[in-house]
């Protein structure tokens, strides 16, 4: 009988530890995520007026015999231009409330240079007695960039709710890959000057910007989930070339981004024990 009581006592002593071992609960916490993103940014910048441009704020009227007006347009000082991009951006979770991300991004930018009237004038030649101009309706510049974004995300709450808000601070460095221009003339016979004028316009080979914003994580982090973000303000920086059509330096704007996040590495953590 004494041996029975000793055996029962030992079982009661070690039973909680045996149960604790059997009841340990672990969860998978994603630490690295692969992000696939798409977004658009709208900027407002000061236009560069090429020294060969002639502009005017007034309208000159010819006599009624010819029955037409001579519209020499004025170039507005500020103009908007857009960026559209696709990218791949891995994100690493440093802490439950802090993450960093970087990757690659391909951007497309389009900008149209025009006046407030039918056309503006561009000087093509000048000598001691004569100056010749062509009438240009607009110049459309299309540029393609390879970029590197860097971002920091801060989550105010640690809990992984299905919808979780966060704040973001980021920067992007864009390097020009290719650029082209389309010049629309008032008279089709002037198309022969298109390449000459295009060569006179330089292009910024680098455009960078920094931004802050607000985002929402939609879905649980232990499986694929989505992010939507609003970026404001966005401030552009970089070196301006003298003859480019837009001054990207000090341009400002706002943007929107959507992304899909796919967990690719997890760390198992002990949540609790049942005694």
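For residue 143, are the conditions met, namely being closer than 21 Å to residue 46 by Cα and touching a residue at least 60 places away in the same chain (Cβ under 8 Å)?
Answer is yes for this residue.
Quick check: anything in the range 187-198 over 14 Å from the mean Cα position of the chain (by Cα), part of a strand (DSSP E or B) and at pLDDT 90 or above?
Within the range 187-198, not a single residue is over 14 Å from the mean Cα position of the chain (by Cα), part of a strand (DSSP E or B) and at pLDDT 90 or above.
Working only within the range 115-170, note down all residues that are crowded, with 17+ Cβ neighbours inside 10 Å and closer than 30 Å to residue 225 by Cβ.
145, 147, 149, 151, 153, 155, 160, 164, 166, 168, 170, listed by residue number.
The values are calculated or read from the model by the stated rules, or taken from the named source; none is laboratory data. These numbers come from a predicted model, not from an experiment. A quick note on method: Cβ atoms are made from the backbone with ideal geometry, for glycine too, and the neighbour counts reach across all protein chains shown.
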